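Q: Sending over a structure as C-alpha coordinates; questions will come in a sec.
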Amino acid sequence: MLDIKYIQENPEKVQEAALAKGITVSIGELLDAEKEYREVFTQVQSLRAERNAAAKSRDIEKGKEIKGKLEELEPRLAELEEKVQTLLWNIPNPSKDDVKVGKDDSENEIIRKFGEPTTFSFKPRDHVELGQMLDIIDIERATKISGSRFYYLKNEGVLLEQALLRYALDTLLPQGFIPILPPVLITEDTMKRLGYMENGGDEDMFRIEKDKLILVATAEQSIAPIHKDETLDEDELPKRYVGYSPSFRREAGSYGKDTRGILRVHQFNKVEMVSFVKKGEDDKEHEFLLGIEEKFFQELGIPYQVSKMCTGDLGFPAARKYDIEAWIPTQEKYREVTSVSTVTDFQSRRLNTKYKTKDGTEYVQILNGTAFSIGRPIIAILENFQQEDGTVIIPEVLRQYTGFDKISPKK
RNA sequence: GGAGAGUUGGCCGAGCGGUUUAUGGCGCUAGUCUUGAAAACUAGUGGGAGCAAUCCCUCACAGGUUCGAAUCCUGUACUCUCCGCCA
(Lines give C-alpha, C1' and ligand atoms only; values in the text may rest on other atoms or scores of the structure.)
Protein backbone atom coordinates (compact mmCIF):
# COMPACT_ATOMS: atom_id res chain seq x y z
CA MET A 1 0.00 0.00 0.00
CA LEU A 2 1.21 3.46 -0.85
CA ASP A 3 0.59 6.66 1.04
CA ILE A 4 -2.48 8.35 -0.45
CA LYS A 5 -0.73 11.71 -0.10
CA TYR A 6 2.17 10.44 -2.18
CA ILE A 7 -0.26 9.31 -4.88
CA GLN A 8 -2.05 12.67 -4.86
CA GLU A 9 1.25 14.46 -5.33
CA ASN A 10 2.73 12.04 -7.88
CA PRO A 11 -0.15 10.52 -9.85
CA GLU A 12 1.76 10.12 -13.12
CA LYS A 13 4.75 8.59 -11.40
CA VAL A 14 2.63 5.98 -9.67
CA GLN A 15 0.80 5.17 -12.88
CA GLU A 16 4.05 4.73 -14.80
CA ALA A 17 5.60 2.61 -12.08
CA ALA A 18 2.62 0.25 -12.18
CA LEU A 19 2.77 0.07 -15.98
CA ALA A 20 6.46 -0.77 -15.78
CA LYS A 21 5.42 -3.80 -13.77
CA GLY A 22 2.82 -4.62 -16.39
CA ILE A 23 -0.07 -3.70 -14.10
CA THR A 24 -2.85 -1.32 -15.06
CA VAL A 25 -4.16 0.87 -12.29
CA SER A 26 -6.76 3.64 -12.28
CA ILE A 27 -5.23 6.52 -10.40
CA GLY A 28 -7.85 8.99 -11.64
CA GLU A 29 -10.66 6.84 -10.32
CA LEU A 30 -8.87 6.47 -7.00
CA LEU A 31 -8.31 10.21 -6.60
CA ASP A 32 -11.93 11.00 -7.52
CA ALA A 33 -13.26 8.42 -5.09
CA GLU A 34 -10.98 9.68 -2.36
CA LYS A 35 -12.13 13.26 -2.92
CA GLU A 36 -15.78 12.28 -2.78
CA TYR A 37 -15.08 10.17 0.28
CA ARG A 38 -13.67 13.18 2.10
CA GLU A 39 -16.69 15.31 1.14
CA VAL A 40 -19.19 12.74 2.34
CA PHE A 41 -17.08 12.14 5.44
CA THR A 42 -17.30 15.84 6.35
CA GLN A 43 -21.08 15.82 5.95
CA VAL A 44 -21.48 12.66 7.99
CA GLN A 45 -19.24 14.03 10.67
CA SER A 46 -21.28 17.20 11.14
CA LEU A 47 -24.54 15.22 11.10
CA ARG A 48 -23.14 13.00 13.82
CA ALA A 49 -22.26 16.08 15.85
CA GLU A 50 -25.89 17.24 15.55
CA ARG A 51 -27.18 13.81 16.46
CA ASN A 52 -24.99 13.65 19.55
CA ALA A 53 -26.20 17.10 20.60
CA ALA A 54 -29.84 16.10 20.08
CA ALA A 55 -29.35 12.92 22.09
CA LYS A 56 -27.82 14.87 24.90
CA SER A 57 -30.72 17.31 25.08
CA ARG A 58 -33.22 14.42 24.61
CA ASP A 59 -34.63 16.09 21.52
CA ILE A 60 -36.28 12.94 20.16
CA GLU A 61 -37.91 14.56 17.11
CA LYS A 62 -34.69 16.18 15.95
CA GLY A 63 -32.86 12.92 16.59
CA LYS A 64 -35.24 11.00 14.37
CA GLU A 65 -34.82 13.52 11.58
CA ILE A 66 -31.04 13.33 11.72
CA LYS A 67 -31.14 9.57 11.94
CA GLY A 68 -32.98 9.48 8.62
CA LYS A 69 -30.37 11.64 6.93
CA LEU A 70 -27.54 9.58 8.33
CA GLU A 71 -29.13 6.36 7.14
CA GLU A 72 -28.88 7.66 3.60
CA LEU A 73 -25.33 8.95 3.81
CA GLU A 74 -23.57 6.33 5.90
CA PRO A 75 -23.89 3.44 3.42
CA ARG A 76 -22.53 5.76 0.74
CA LEU A 77 -19.58 6.57 2.96
CA ALA A 78 -18.87 2.89 3.63
CA GLU A 79 -19.10 2.18 -0.08
CA LEU A 80 -16.63 4.94 -0.92
CA GLU A 81 -14.25 3.88 1.81
CA GLU A 82 -14.18 0.36 0.48
CA LYS A 83 -13.73 1.57 -3.06
CA VAL A 84 -10.78 3.75 -2.06
CA GLN A 85 -9.16 0.93 -0.15
CA THR A 86 -9.62 -1.61 -2.93
CA LEU A 87 -8.17 0.76 -5.51
CA LEU A 88 -5.34 1.70 -3.18
CA TRP A 89 -4.46 -1.90 -2.35
CA ASN A 90 -4.36 -2.77 -6.03
CA ILE A 91 -1.50 -0.41 -6.71
CA PRO A 92 1.81 -2.27 -6.77
CA ASN A 93 4.91 -1.07 -4.98
CA PRO A 94 6.85 1.12 -7.44
CA SER A 95 10.32 -0.14 -8.23
CA LYS A 96 13.40 1.75 -7.08
CA ASP A 97 14.91 4.24 -9.50
CA ASP A 98 17.92 2.05 -10.22
CA VAL A 99 15.75 -0.83 -11.45
CA LYS A 100 15.67 -1.25 -15.21
CA VAL A 101 12.31 -0.98 -16.90
CA GLY A 102 11.65 -4.20 -18.75
CA LYS A 103 8.92 -6.54 -19.81
CA ASP A 104 9.90 -9.91 -18.37
CA ASP A 105 12.81 -12.07 -17.22
CA SER A 106 14.49 -11.80 -20.62
CA GLU A 107 15.38 -8.21 -19.74
CA ASN A 108 16.93 -8.89 -16.35
CA GLU A 109 20.52 -7.73 -15.98
CA ILE A 110 23.42 -9.96 -15.00
CA ILE A 111 25.44 -7.79 -12.66
CA ARG A 112 28.18 -10.18 -11.45
CA LYS A 113 29.59 -13.62 -11.94
CA PHE A 114 31.52 -15.84 -9.61
CA GLY A 115 33.66 -18.74 -10.80
CA GLU A 116 33.59 -20.43 -14.15
CA PRO A 117 31.09 -23.02 -15.37
CA THR A 118 32.28 -26.41 -14.14
CA THR A 119 33.96 -28.56 -16.78
CA PHE A 120 34.20 -32.34 -16.83
CA SER A 121 36.47 -34.85 -18.51
CA PHE A 122 33.47 -37.19 -18.73
CA LYS A 123 29.79 -36.82 -19.50
CA PRO A 124 28.21 -35.46 -16.29
CA ARG A 125 25.06 -37.08 -14.92
CA ASP A 126 22.12 -34.97 -13.91
CA HIS A 127 20.84 -34.79 -10.33
CA VAL A 128 18.03 -37.26 -11.00
CA GLU A 129 20.44 -39.95 -12.09
CA LEU A 130 22.90 -39.11 -9.33
CA GLY A 131 20.11 -39.05 -6.76
CA GLN A 132 19.10 -42.57 -7.77
CA MET A 133 22.63 -43.95 -7.87
CA LEU A 134 23.38 -42.52 -4.44
CA ASP A 135 19.93 -43.52 -3.17
CA ILE A 136 19.25 -40.07 -1.75
CA ILE A 137 16.40 -38.82 -3.98
CA ASP A 138 13.29 -40.88 -4.78
CA ILE A 139 10.90 -39.16 -7.13
CA GLU A 140 9.07 -42.21 -8.47
CA ARG A 141 7.66 -43.36 -5.18
CA ALA A 142 6.72 -39.83 -4.14
CA THR A 143 4.73 -39.46 -7.35
CA LYS A 144 2.82 -42.61 -6.42
CA ILE A 145 1.93 -41.09 -3.05
CA SER A 146 1.46 -37.40 -3.76
CA GLY A 147 1.47 -36.93 -7.52
CA SER A 148 3.95 -35.16 -9.72
CA ARG A 149 6.50 -32.65 -8.43
CA PHE A 150 7.09 -34.30 -5.06
CA TYR A 151 10.10 -36.26 -3.87
CA TYR A 152 11.55 -38.18 -0.99
CA LEU A 153 14.96 -37.12 0.26
CA LYS A 154 16.78 -40.01 1.93
CA ASN A 155 20.00 -41.20 3.52
CA GLU A 156 22.91 -38.77 3.06
CA GLY A 157 20.51 -36.40 1.32
CA VAL A 158 18.78 -35.80 4.64
CA LEU A 159 22.09 -35.14 6.38
CA LEU A 160 23.13 -32.85 3.56
CA GLU A 161 19.95 -30.80 4.01
CA GLN A 162 20.52 -30.60 7.76
CA ALA A 163 24.13 -29.61 7.12
CA LEU A 164 23.01 -26.70 4.94
CA LEU A 165 20.61 -25.62 7.67
CA ARG A 166 23.27 -25.74 10.39
CA TYR A 167 25.82 -24.04 8.18
CA ALA A 168 23.33 -21.22 7.57
CA LEU A 169 22.45 -20.88 11.25
CA ASP A 170 26.07 -20.97 12.37
CA THR A 171 26.81 -18.15 9.95
CA LEU A 172 23.75 -16.04 10.72
CA LEU A 173 23.21 -16.38 14.46
CA PRO A 174 26.53 -14.72 15.41
CA GLN A 175 25.38 -11.77 13.29
CA GLY A 176 22.31 -11.32 15.47
CA PHE A 177 19.69 -13.12 13.38
CA ILE A 178 16.90 -14.56 15.54
CA PRO A 179 16.23 -18.20 14.61
CA ILE A 180 12.57 -19.02 14.20
CA LEU A 181 10.35 -21.90 13.12
CA PRO A 182 7.18 -20.24 11.85
CA PRO A 183 3.68 -21.58 11.26
CA VAL A 184 3.19 -22.73 7.68
CA LEU A 185 -0.54 -22.07 7.52
CA ILE A 186 -1.62 -18.44 7.49
CA THR A 187 -4.94 -16.65 7.15
CA GLU A 188 -6.18 -15.10 3.92
CA ASP A 189 -6.08 -11.72 5.61
CA THR A 190 -2.38 -12.10 6.35
CA MET A 191 -1.64 -13.14 2.79
CA LYS A 192 -3.57 -10.15 1.49
CA ARG A 193 -1.64 -7.76 3.69
CA LEU A 194 1.61 -9.12 2.32
CA GLY A 195 0.50 -8.16 -1.17
CA TYR A 196 0.38 -11.63 -2.65
CA MET A 197 -3.34 -11.84 -3.38
CA GLU A 198 -3.52 -9.03 -5.89
CA ASN A 199 -2.81 -9.32 -9.56
CA GLY A 200 -3.72 -13.00 -9.78
CA GLY A 201 -1.09 -13.92 -7.21
CA ASP A 202 -3.28 -16.37 -5.37
CA GLU A 203 -3.14 -18.83 -8.27
CA ASP A 204 0.13 -20.20 -7.03
CA MET A 205 -1.01 -21.02 -3.49
CA PHE A 206 -2.24 -24.18 -1.89
CA ARG A 207 -5.36 -23.49 0.12
CA ILE A 208 -7.04 -25.36 2.93
CA GLU A 209 -10.58 -24.48 1.88
CA LYS A 210 -12.39 -25.88 4.89
CA ASP A 211 -10.44 -23.83 7.38
CA LYS A 212 -9.79 -20.81 5.17
CA LEU A 213 -6.04 -21.08 5.57
CA ILE A 214 -3.23 -20.90 3.04
CA LEU A 215 0.00 -22.87 3.00
CA VAL A 216 2.95 -20.50 2.86
CA ALA A 217 5.01 -20.35 -0.31
CA THR A 218 7.97 -19.12 1.75
CA ALA A 219 8.67 -18.60 5.45
CA GLU A 220 8.70 -14.88 4.69
CA GLN A 221 4.91 -15.05 4.58
CA SER A 222 4.63 -16.00 8.23
CA ILE A 223 7.68 -14.07 9.47
CA ALA A 224 7.21 -10.67 7.81
CA PRO A 225 3.79 -10.26 9.49
CA ILE A 226 5.11 -11.27 12.94
CA HIS A 227 4.99 -7.66 14.16
CA LYS A 228 1.56 -6.84 12.73
CA ASP A 229 -0.09 -4.01 14.68
CA GLU A 230 3.05 -3.42 16.71
CA THR A 231 5.22 -0.39 17.27
CA LEU A 232 8.83 -1.41 17.74
CA ASP A 233 11.48 0.58 19.56
CA GLU A 234 13.93 2.37 17.30
CA ASP A 235 16.91 0.73 18.98
CA GLU A 236 15.50 -2.76 18.26
CA LEU A 237 16.23 -2.13 14.59
CA PRO A 238 17.57 -3.63 12.49
CA LYS A 239 15.72 -6.72 13.62
CA ARG A 240 16.63 -9.83 11.66
CA TYR A 241 15.09 -13.29 11.65
CA VAL A 242 16.22 -16.51 10.07
CA GLY A 243 13.40 -18.98 9.62
CA TYR A 244 13.26 -22.56 8.47
CA SER A 245 10.08 -24.01 7.04
CA PRO A 246 8.58 -26.00 4.23
CA SER A 247 7.36 -23.93 1.29
CA PHE A 248 4.41 -24.94 -0.83
CA ARG A 249 3.81 -23.89 -4.40
CA ARG A 250 1.18 -25.01 -6.86
CA GLU A 251 3.39 -24.08 -9.79
CA ALA A 252 0.27 -23.33 -11.78
CA GLY A 253 1.16 -22.18 -15.24
CA SER A 254 4.48 -23.98 -15.23
CA TYR A 255 3.20 -27.12 -16.96
CA GLY A 256 5.90 -28.61 -19.08
CA LYS A 257 8.62 -26.52 -17.46
CA ASP A 258 11.35 -28.28 -15.51
CA THR A 259 9.38 -31.47 -15.33
CA ARG A 260 12.46 -33.60 -14.76
CA GLY A 261 13.96 -33.76 -11.31
CA ILE A 262 13.46 -31.68 -8.22
CA LEU A 263 14.23 -28.21 -9.53
CA ARG A 264 10.57 -27.25 -9.50
CA VAL A 265 8.51 -29.02 -6.85
CA HIS A 266 5.35 -28.43 -4.84
CA GLN A 267 7.08 -28.65 -1.48
CA PHE A 268 10.60 -27.83 -0.36
CA ASN A 269 12.30 -26.71 2.80
CA LYS A 270 13.82 -23.30 2.91
CA VAL A 271 16.01 -21.22 5.18
CA GLU A 272 14.82 -17.65 4.85
CA MET A 273 16.06 -14.30 6.16
CA VAL A 274 13.71 -11.44 7.01
CA SER A 275 14.92 -7.98 8.08
CA PHE A 276 13.05 -5.08 9.64
CA VAL A 277 15.00 -1.83 9.26
CA LYS A 278 14.56 1.89 9.73
CA LYS A 279 13.34 4.17 6.99
CA GLY A 280 16.08 4.87 4.48
CA GLU A 281 18.17 1.87 5.45
CA ASP A 282 16.69 -0.72 3.15
CA ASP A 283 19.20 -0.17 0.32
CA LYS A 284 22.09 -0.88 2.65
CA GLU A 285 20.29 -3.90 4.09
CA HIS A 286 19.53 -5.20 0.61
CA GLU A 287 23.22 -5.27 -0.24
CA PHE A 288 23.96 -6.83 3.15
CA LEU A 289 21.56 -9.72 2.59
CA LEU A 290 22.77 -10.25 -0.97
CA GLY A 291 26.33 -10.31 0.38
CA ILE A 292 25.40 -13.10 2.80
CA GLU A 293 23.83 -15.13 0.02
CA GLU A 294 26.86 -14.70 -2.21
CA LYS A 295 29.20 -15.67 0.59
CA PHE A 296 27.31 -18.93 1.05
CA PHE A 297 27.71 -19.94 -2.57
CA GLN A 298 31.30 -18.75 -2.70
CA GLU A 299 32.18 -20.86 0.32
CA LEU A 300 30.39 -23.83 -1.18
CA GLY A 301 32.42 -23.27 -4.33
CA ILE A 302 29.42 -23.22 -6.63
CA PRO A 303 29.74 -21.00 -9.72
CA TYR A 304 26.93 -18.45 -9.93
CA GLN A 305 25.77 -15.19 -11.37
CA VAL A 306 23.75 -12.40 -9.77
CA SER A 307 20.74 -11.28 -11.72
CA LYS A 308 18.95 -8.01 -11.09
CA MET A 309 15.27 -8.22 -11.93
CA CYS A 310 13.78 -5.70 -14.32
CA THR A 311 10.45 -4.06 -13.42
CA GLY A 312 8.36 -6.66 -15.28
CA ASP A 313 9.83 -9.54 -13.24
CA LEU A 314 9.58 -7.92 -9.80
CA GLY A 315 6.22 -9.02 -8.52
CA PHE A 316 3.61 -6.90 -6.77
CA PRO A 317 5.26 -5.92 -3.46
CA ALA A 318 8.98 -5.81 -4.34
CA ALA A 319 10.80 -2.57 -5.14
CA ARG A 320 14.05 -4.27 -6.09
CA LYS A 321 15.08 -7.91 -6.35
CA TYR A 322 18.30 -9.82 -6.94
CA ASP A 323 18.48 -13.52 -7.71
CA ILE A 324 21.53 -15.69 -7.38
CA GLU A 325 21.61 -18.26 -10.15
CA ALA A 326 23.84 -21.29 -9.69
CA TRP A 327 25.49 -23.12 -12.54
CA ILE A 328 23.72 -26.39 -13.33
CA PRO A 329 26.12 -28.37 -15.54
CA THR A 330 23.71 -30.74 -17.26
CA GLN A 331 21.41 -27.88 -18.21
CA GLU A 332 24.39 -25.73 -19.18
CA LYS A 333 22.55 -22.85 -17.60
CA TYR A 334 22.48 -20.74 -14.47
CA ARG A 335 19.33 -21.44 -12.48
CA GLU A 336 17.76 -19.45 -9.65
CA VAL A 337 18.76 -20.61 -6.17
CA THR A 338 18.10 -17.51 -4.05
CA SER A 339 16.12 -14.32 -4.25
CA VAL A 340 16.40 -11.21 -2.11
CA SER A 341 13.95 -8.30 -2.21
CA THR A 342 13.20 -5.06 -0.52
CA VAL A 343 9.51 -4.31 -0.23
CA THR A 344 10.30 -0.93 1.41
CA ASP A 345 7.34 0.10 3.61
CA PHE A 346 4.77 -1.45 1.26
CA GLN A 347 3.95 -4.42 3.50
CA SER A 348 4.44 -2.60 6.81
CA ARG A 349 1.72 -0.10 5.85
CA ARG A 350 -0.68 -2.97 5.22
CA LEU A 351 0.48 -4.80 8.33
CA ASN A 352 0.67 -1.68 10.50
CA THR A 353 4.20 -2.40 11.69
CA LYS A 354 5.87 0.79 12.89
CA TYR A 355 8.71 1.94 15.05
CA LYS A 356 9.01 4.85 17.47
CA THR A 357 11.13 7.82 16.49
CA LYS A 358 11.90 11.03 18.35
CA ASP A 359 9.07 12.79 16.55
CA GLY A 360 6.47 10.03 16.42
CA THR A 361 6.28 6.82 14.47
CA GLU A 362 7.46 5.60 11.07
CA TYR A 363 6.71 2.47 9.10
CA VAL A 364 9.51 -0.08 9.14
CA GLN A 365 11.05 -1.28 5.92
CA ILE A 366 10.96 -5.01 5.36
CA LEU A 367 13.32 -7.16 3.31
CA ASN A 368 13.41 -10.87 2.67
CA GLY A 369 15.99 -13.13 1.16
CA THR A 370 16.70 -16.81 0.72
CA ALA A 371 19.58 -18.42 2.56
CA PHE A 372 18.97 -21.90 1.15
CA SER A 373 15.92 -23.20 -0.67
CA ILE A 374 17.21 -26.61 0.05
CA GLY A 375 16.43 -28.71 -3.04
CA ARG A 376 18.23 -26.43 -5.42
CA PRO A 377 21.58 -26.12 -3.65
CA ILE A 378 21.53 -29.91 -3.39
CA ILE A 379 21.10 -30.13 -7.15
CA ALA A 380 23.99 -27.71 -7.59
CA ILE A 381 26.21 -29.65 -5.21
CA LEU A 382 25.42 -33.02 -6.78
CA GLU A 383 25.94 -31.86 -10.33
CA ASN A 384 28.97 -29.62 -9.84
CA PHE A 385 30.92 -31.91 -7.53
CA GLN A 386 30.26 -35.29 -9.13
CA GLN A 387 33.07 -37.62 -10.11
CA GLU A 388 33.24 -39.98 -13.03
CA ASP A 389 32.13 -42.97 -10.92
CA GLY A 390 29.10 -41.10 -9.60
CA THR A 391 30.63 -40.20 -6.26
CA VAL A 392 29.85 -36.67 -5.08
CA ILE A 393 32.40 -34.68 -3.08
CA ILE A 394 30.92 -32.65 -0.21
CA PRO A 395 32.04 -29.00 -0.07
CA GLU A 396 34.59 -28.43 2.66
CA VAL A 397 32.43 -26.02 4.71
CA LEU A 398 29.69 -28.62 5.08
CA ARG A 399 31.83 -31.56 6.18
CA GLN A 400 31.83 -30.68 9.85
CA TYR A 401 28.03 -30.88 9.68
CA THR A 402 27.56 -33.91 7.42
CA GLY A 403 30.22 -36.03 9.07
CA PHE A 404 31.24 -37.43 5.67
CA ASP A 405 33.24 -35.94 2.83
CA LYS A 406 31.62 -37.72 -0.08
CA ILE A 407 28.55 -39.67 -1.05
CA SER A 408 29.16 -42.85 -3.00
CA PRO A 409 26.86 -44.91 -5.23
CA LYS A 410 25.10 -47.60 -3.23
CA LYS A 411 25.76 -50.38 -5.77
C1' G B 1 -16.00 -32.37 17.78
C1' G B 2 -19.24 -31.39 22.62
C1' A B 3 -20.34 -28.09 27.08
C1' G B 4 -19.45 -23.63 29.54
C1' A B 5 -17.00 -18.78 30.65
C1' G B 6 -14.70 -14.63 28.71
C1' U B 7 -12.50 -10.36 25.33
C1' U B 8 -12.76 -2.59 28.08
C1' G B 9 -6.87 2.21 26.77
C1' G B 10 0.80 0.13 27.48
C1' C B 11 -0.94 -3.21 31.87
C1' C B 12 -4.60 -4.33 35.89
C1' G B 13 -9.57 -3.28 36.48
C1' A B 14 -14.82 -0.61 37.14
C1' G B 15 -19.01 0.04 34.28
C1' C B 16 -24.88 -3.79 32.87
C1' G B 17 -29.57 2.22 27.90
C1' G B 18 -28.76 9.00 28.89
C1' U B 19 -23.93 13.57 34.82
C1' U B 20 -18.93 8.08 31.19
C1' U B 21 -16.36 14.12 27.87
C1' A B 22 -14.57 5.65 29.36
C1' U B 23 -14.22 5.62 37.28
C1' G B 24 -9.84 4.02 39.82
C1' G B 25 -4.94 2.03 40.13
C1' C B 26 -0.08 0.65 37.98
C1' G B 27 3.39 1.94 34.38
C1' C B 28 5.36 5.73 31.22
C1' U B 29 6.51 11.15 29.90
C1' A B 30 7.11 16.22 31.46
C1' G B 31 7.10 19.88 35.40
C1' U B 32 7.59 21.46 40.77
C1' C B 33 10.68 20.33 44.93
C1' U B 34 16.07 18.46 45.51
C1' U B 35 23.33 19.31 45.14
C1' G B 36 21.59 14.76 42.35
C1' A B 37 18.17 10.76 42.84
C1' A B 38 14.00 8.62 45.40
C1' A B 39 9.45 10.05 47.57
C1' A B 40 5.58 13.54 47.25
C1' C B 41 2.72 16.84 44.36
C1' U B 42 0.86 18.79 39.40
C1' A B 43 -0.13 17.82 34.35
C1' G B 44 -0.13 14.62 30.15
C1' U B 45 -0.55 9.55 28.33
C1' G B 46 -6.22 5.47 21.88
C1' G B 47 -6.93 7.34 16.47
C1' G B 48 -8.34 11.25 12.86
C1' A B 49 -9.50 16.58 11.00
C1' G B 50 -8.12 21.74 12.32
C1' C B 51 -3.53 27.43 13.54
C1' A B 52 -7.07 27.13 17.30
C1' A B 53 -11.56 26.83 19.93
C1' U B 54 -13.70 22.54 18.80
C1' C B 55 -15.59 18.27 16.37
C1' C B 56 -15.73 13.11 14.83
C1' C B 57 -14.39 8.04 15.65
C1' U B 58 -12.81 4.29 19.37
C1' C B 59 -14.69 -0.54 24.85
C1' A B 60 -12.30 -7.89 19.97
C1' C B 61 -14.61 -7.48 14.73
C1' A B 62 -19.12 -6.98 11.68
C1' G B 63 -24.26 -6.13 11.52
C1' G B 64 -28.97 -4.86 14.13
C1' U B 65 -32.53 -2.45 17.86
C1' U B 66 -32.95 2.87 19.79
C1' C B 67 -33.87 9.86 19.60
C1' G B 68 -29.42 7.89 22.32
C1' A B 69 -25.32 1.59 22.94
C1' A B 70 -19.08 -0.21 26.22
C1' U B 71 -24.06 -1.49 28.19
C1' C B 72 -29.62 -4.88 24.65
C1' C B 73 -29.93 -8.55 20.12
C1' U B 74 -27.47 -11.52 16.01
C1' G B 75 -23.18 -13.35 13.55
C1' U B 76 -17.75 -13.96 13.30
C1' A B 77 -12.83 -14.27 15.33
C1' C B 78 -9.82 -15.13 19.37
C1' U B 79 -8.73 -16.66 24.66
C1' C B 80 -9.65 -19.78 28.92
C1' U B 81 -11.89 -24.22 31.61
C1' C B 82 -13.88 -29.20 31.35
C1' C B 83 -14.93 -33.60 28.17
C1' G B 84 -13.58 -36.31 23.65
C1' C B 85 -9.70 -37.26 20.05
C1' C B 86 -4.52 -37.00 19.21
C1' A B 87 1.88 -36.29 17.66
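Q: In this structure, does A:PHE248 turn out to be hydrophobic (A, V, I, L, M, F, W, C) and under 19 Å from the mean Cα position of the chain (by Cα)? Steps first, answer last, please.
A: Details: hydrophobic (A, V, I, L, M, F, W, C): yes; under 19 Å from the mean Cα position of the chain (by Cα): yes.
Yes; evaluated as a whole, the condition is true for this residue.
Q: OK, next. Give the stretch A:77-122 a look and list any residue that's within 16 Å of RNA strand B (Cβ to nearest atom) and either surrounded by fewer than 17 Cβ atoms within 10 Å (Cβ to Cβ) or not hydrophobic (A, V, I, L, M, F, W, C) (or both), or say none.
A: A:ALA78, A:GLU79, A:GLU81, A:GLU82, A:LYS83, A:GLN85, A:THR86
Q: Would you point out the residue of the stretch A:42-65, among those that are polar (S, T, N, Q) and near RNA strand B (Cβ under 7 Å from one of its atoms), that is farthest from A:ALA78 (Cα to Cα)?
A: A:ASN52
Q: Now, a different point. What are the pairs, 6+ residues apart or on separate chains, where a residue within the stretch A:33-56 that is surrounded by 13 or more Cβ atoms within 10 Å (Cβ to Cβ) has its Cβ under 8 Å from a residue that is of a type in the set (Gly, Ala, Ser) and modelled with pLDDT under 90?
A: Pairs that qualify, where the first residue is surrounded by 13 or more Cβ atoms within 10 Å (Cβ to Cβ) and the partner is of a type in the set (Gly, Ala, Ser) and modelled with pLDDT under 90, are A:ARG51/A:GLY63; A:ALA54/A:GLY63; A:ALA55/A:GLY63.
Q: Is it fair to say A:GLU251 is more than 22 Å from A:ASP126 (Cβ to Cβ) and among the acidic types (Asp, Glu)?
A: No.
Q: Within the stretch A:1-108, which helices (runs of 4 or more DSSP H) (wholly inside it) include 3 or more residues that are in contact with a Pro (Cβ under 8 Å, 6 or more places away or on another chain)?
A: Details: elements: A:4-9, A:11-20, A:27-56, A:60-89.
Ranges flagged: A:11-20, A:27-56.
Q: Quick check on my filter: what residues within the stretch A:121-149 are small (Gly, Ala, Ser) and either closer than 19 Å to A:THR330 by Cβ or over 28 Å from the mean Cα position of the chain (by Cα) (or both)?
A: Matches in the stretch A:121-149: A:SER121, A:GLY131.
Q: Of all the helices (runs of 4 or more DSSP H) wholly in the stretch A:343-411, which have at least 1 residues that are touching a Leu at 6+ places or on another chain (Cβ under 7 Å) and either of a type in the set (Gly, Ala, Ser) or buried (at least 24 other Cβ atoms within 10 Å of the Cβ) (or both)?
A: Numbers: elements: A:346-351, A:375-384, A:396-402.
Once the helices (runs of 4 or more DSSP H) in the stretch A:343-411 are filtered for at least 1 residues that are touching a Leu at 6+ places or on another chain (Cβ under 7 Å) and either of a type in the set (Gly, Ala, Ser) or buried (at least 24 other Cβ atoms within 10 Å of the Cβ) (or both), what remains is A:346-351, A:375-384.
Q: I'd like to know if the stretch A:69-76 contains one or more residues that are of a type in the set (A, V, I, L, M, F, W, C) and within 16 Å of RNA strand B (Cβ to nearest atom). Spell out the reasoning first.
A: Within the stretch A:69-76, the subset of a type in the set (A, V, I, L, M, F, W, C) is A:70, A:73.
The next check asks that each one be within 16 Å of RNA strand B (Cβ to nearest atom); those that pass are A:70, A:73.
Yes, because at least one residue in the stretch A:69-76 is of a type in the set (A, V, I, L, M, F, W, C) and within 16 Å of RNA strand B (Cβ to nearest atom).
Q: Then there is this: Determine if the stretch A:153-166 includes at least one residue that is at pLDDT 95 or above, touching a Lys or Arg at 6+ places or on another chain (Cβ under 7 Å) and closer than 30 Å to A:ASP313 by Cα.
A: No, the stretch A:153-166 contains no residue that is at pLDDT 95 or above, touching a Lys or Arg at 6+ places or on another chain (Cβ under 7 Å) and closer than 30 Å to A:ASP313 by Cα.
Q: Going residue by residue through the stretch A:322-342, is there one that turns out to be surrounded by 20 or more Cβ atoms within 10 Å (Cβ to Cβ), in contact with a Phe, Trp or Tyr (Cβ under 8 Å, 6 or more places away or on another chain), part of a loop (DSSP other than H, G, I, E, B) and not aromatic (Phe, Trp, Tyr)?
A: No, there is no match, as no residue in the stretch A:322-342 is surrounded by 20 or more Cβ atoms within 10 Å (Cβ to Cβ), in contact with a Phe, Trp or Tyr (Cβ under 8 Å, 6 or more places away or on another chain), part of a loop (DSSP other than H, G, I, E, B) and not aromatic (Phe, Trp, Tyr).
Q: How many residues does the stretch A:150-162 contain that are under 26 Å from the mean Cα position of the chain (by Cα), among the hydrophobic types (A, V, I, L, M, F, W, C) and over 15 Å from A:ILE379 (Cβ atoms)?
A: Selection size over the stretch A:150-162: 2.
So that you can scan it fast, the table gives a plain yes or no per residue for (1) crowded, with 19+ Cβ neighbours inside 10 Å; (2) closer than 30 Å to A:GLU362 by Cα; (3) in contact with an Asp or Glu (Cβ under 9 Å, 6 or more places away or on another chain); (4) modelled with pLDDT under 90:
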{"site": "A:ASP189", "(1), (2), (3), (4)": "no, yes, no, yes"}
{"site": "A:ILE223", "(1), (2), (3), (4)": "yes, yes, yes, no"}
{"site": "A:HIS227", "(1), (2), (3), (4)": "yes, yes, no, yes"}
{"site": "A:THR231", "(1), (2), (3), (4)": "no, yes, no, yes"}
{"site": "A:VAL242", "(1), (2), (3), (4)": "yes, yes, yes, no"}
{"site": "A:SER247", "(1), (2), (3), (4)": "yes, no, yes, no"}
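Q: Still on this structure: So A:SER408 passes all but one of these: (1) in contact with a strand residue (DSSP E or B) (Cβ under 6 Å, 6 or more places away or on another chain); (2) modelled with pLDDT of 95 or more; (3) closer than 28 Å to A:GLN132 by Cα; (4) among the small types (Gly, Ala, Ser). Which condition number does it fail?
A: (1)
Q: Touching a residue at least 24 places away in the same chain (Cβ under 8 Å) and either under 27 Å from A:LEU172 (Cβ atoms) or in a loop (DSSP other than H, G, I, E, B) (or both): which single residue out of A:GLY256, A:GLY261 fits that description?
A: On the way: A:GLY256 fails: touching a residue at least 24 places away in the same chain (Cβ under 8 Å).
Answer to the selection: A:GLY261.
The values are calculated or read from the model by the stated rules, or taken from the named source; none is laboratory data. If you're wondering where the values come from, they're calculated on a predicted model, not measured in any experiment. Don't worry about glycine lacking a Cβ; one is built from the backbone with ideal geometry, like all the others, and counts go over all protein chains shown.
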